[in-house]
Each structure stands twice: as C-alpha cells, then as structure tokens.
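Presented below is the structure to which this report refers.
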C-alpha cells in the first residue's frame, strides 16, 4: 500500500460528493502502448480527448501513439476488484495474532466476444506479445473511462497479463466465443474520470 511515513499531522479530509460515479457496462476497449497523454492544453499541438480528430490521428499513427480498438464486446464484461493481501491472523506469526493487511491484489477484467472472424481473433492475440499497454474503457452511453492526470491531461489505465483465448464452440444453436482478460493494478481506479466526447466512440472510430 502507498502509505506515508511519517504519518500526516491529521487524517485526510473526506469531501462529501453529490454525484455518484458508475461505469455501468463496458462495451468496447481501446488499447495503446504506455506513455502517451491526451492534453487539451498541450503545445504546440493540443490533443483533446473529447475531439474525434485527436482519436483519428492516433488510430492511423504508425508510432507508439497508435491506438487500436476491439470489436464490440459480446457479453459478460466484468471487473472483479482485487482482494486484500493478508498476512497471519489467529496464529503466532503476527503480534497478538492480529491479521496484517499488506496491500491489494490486482483487479481482473474479463469479457467475451461472439462470432469473431479468425482474422480479428488473430489480431487481438498479437497484443499478448506487448509488455506495456494501457486501455481506455468505452462505456454505455458513449462515455469513456480514463485516468485523470490533471484538468487538461488524461491517459489510459495500465494493464498486465493481457490474454485472448482460443475459440470456444458449444454446438447447435450457439455462437462461438473468444474470451479476453487482463489485470488492472492496485489502485487502478483512484484517479478514474469518465468523459463524454463530442462524437460517438462506437460508430465514429
């Protein structure tokens, strides 16, 4: 856990918020190599995350700035929060047998694609060879979940253990499925922000 030592003089104030935040359904994923930041105040060229032209430029880029987009998710998009990393408890390994909390395990994202063409399946699997990726979560209602760096700067969520399965077939009256999963690190949602772009990320990209 990212704890300060020595401790601050007083507990950090918890500010009351009037608006709740919910991802709702994750419907598509955008993937990019680590390192890029959208900056609406950037110089000499601003890169506003809300503008279609910014995304289009990254989509056609042949550099590390390139962003690729999955097909629409076919079903079961879920993020399971990582559980506590625990040490001891009820035994002689800790003082007074009190359980210690040493951190948080990564959160796990998983989803299913249905009826994928084999070319798309193969292209998704190429991402398994990448070591440093970030993702942008495209949400119901045309919203995008990002990491807030500052008021003008946004970036993707770093991920690890990106995996795309082989095709699963259940026979008559069913659709073939391909599963995708990855891990989000401890604290992945600490700086979560949901933005509403000036375009439809499902049809315009």
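For residue 134, are the conditions met, namely being surrounded by 14 or more Cβ atoms within 10 Å (Cβ to Cβ) and over 15 Å from the mean Cα position of the chain (by Cα)? Walk me through how you get there before you give the answer.
On the way: surrounded by 14 or more Cβ atoms within 10 Å (Cβ to Cβ): yes; over 15 Å from the mean Cα position of the chain (by Cα): no.
The answer is no for residue 134.
Do we find a residue being under 17 Å from residue 73 (Cβ atoms) and touching a strand residue (DSSP E or B) at 6+ places or on another chain (Cβ under 7 Å) anywhere in the stretch 182-195? Write out each step before concluding.
Initially, the stretch 182-195 is screened for residues under 17 Å from residue 73 (Cβ atoms), giving 182, 184.
Now restrict to residues that are touching a strand residue (DSSP E or B) at 6+ places or on another chain (Cβ under 7 Å): 182, 184.
Taking every residue of the stretch 182-195 in turn, at least one turns out to be under 17 Å from residue 73 (Cβ atoms) and touching a strand residue (DSSP E or B) at 6+ places or on another chain (Cβ under 7 Å).
List, please: which pairs have Cβ atoms under 6 Å, are six or more places apart or on different chains, and start with a residue in the stretch 38-57 that is on the phi > 0 side of the Ramachandran plot and end with one that is assigned to a helix (DSSP H, G or I) and at pLDDT below 95?
Listed pairs, sorted by first residue: none to list.
Yes or no: the stretch 174-185 includes at least one residue that is in a strand (DSSP E or B) and closer than 21 Å to residue 37 by Cβ. Spell out how you get there, then give the answer.
First, pick out the residues of the stretch 174-185 that are in a strand (DSSP E or B): 177-184.
With closer than 21 Å to residue 37 by Cβ added as a condition, the list becomes 182, 184.
Within the stretch 174-185 (the criterion being in a strand (DSSP E or B) and closer than 21 Å to residue 37 by Cβ), the answer is yes, since at least one residue qualifies.
Tell me, please, whether a residue that is within 24 Å of residue 176 (Cα to Cα) and buried (at least 18 other Cβ atoms within 10 Å of the Cβ) can be found in the stretch 140-158.
The answer is no, given that none of the residues of the stretch 140-158 is within 24 Å of residue 176 (Cα to Cα) and buried (at least 18 other Cβ atoms within 10 Å of the Cβ).
Which ones in the stretch 190-205 are touching a residue at least 24 places away in the same chain (Cβ under 8 Å) and closer than 21 Å to residue 109 by Cβ?
Listed by number, the residues that qualify are 191, 192, 193, 194, 195, 201, 202, 205.
Would you pick out the residues in the stretch 152-173 that are assigned to a loop (DSSP other than H, G, I, E, B), farther than 20 Å from residue 117 by Cβ and touching a residue at least 40 places away in the same chain (Cβ under 8 Å)?
Hits for the stretch 152-173 are 152, 156.
Here's a check for you: in the stretch 101-117, which residue that is touching a residue at least 40 places away in the same chain (Cβ under 8 Å) and closer than 22 Å to residue 202 by Cα is surrounded by the fewest Cβ atoms within 10 Å (Cβ to Cβ)?
In the first step, residues of the stretch 101-117 are kept if they are touching a residue at least 40 places away in the same chain (Cβ under 8 Å); the result is 101-116.
Going one step further and asking which of them are closer than 22 Å to residue 202 by Cα, we end up with 109-116.
Numbers: 109: 22, 110: 15, 111: 21, 112: 19, 113: 23, 114: 14, 115: 12, 116: 21.
Step by step, filter the stretch 101-117, then rank; the result is 115.
Only one residue in 97, 75, 20, 90 is within 22 Å of residue 193 (Cβ to Cβ) and loosely packed, with under 13 Cβ neighbours inside 10 Å. Which one?
Numbers: 97 fails: within 22 Å of residue 193 (Cβ to Cβ); 75 fails: within 22 Å of residue 193 (Cβ to Cβ); 90 fails: within 22 Å of residue 193 (Cβ to Cβ).
None of the others qualify; the one that does is 20.
Please tell me if residue 142 is at positive phi and within 13 Å of the chain's Cα centre (by Cα). If you could, list the steps in order and put the result at the bottom.
Working: at positive phi: yes; within 13 Å of the chain's Cα centre (by Cα): no.
No, not satisfied.
Can you tell me which residue within the stretch 97-114, out of those that are over 17 Å from the mean Cα position of the chain (by Cα) and in a loop (DSSP other than H, G, I, E, B), is nearest to residue 138 (Cα to Cα)?
99
The values are calculated or read from the model by the stated rules, or taken from the named source; none is laboratory data. Predicted model, so just to flag it, every value in this text is computed and none were measured. Note that each Cβ is placed from the backbone with ideal geometry, even for glycine, and that neighbours are counted across all protein chains shown.
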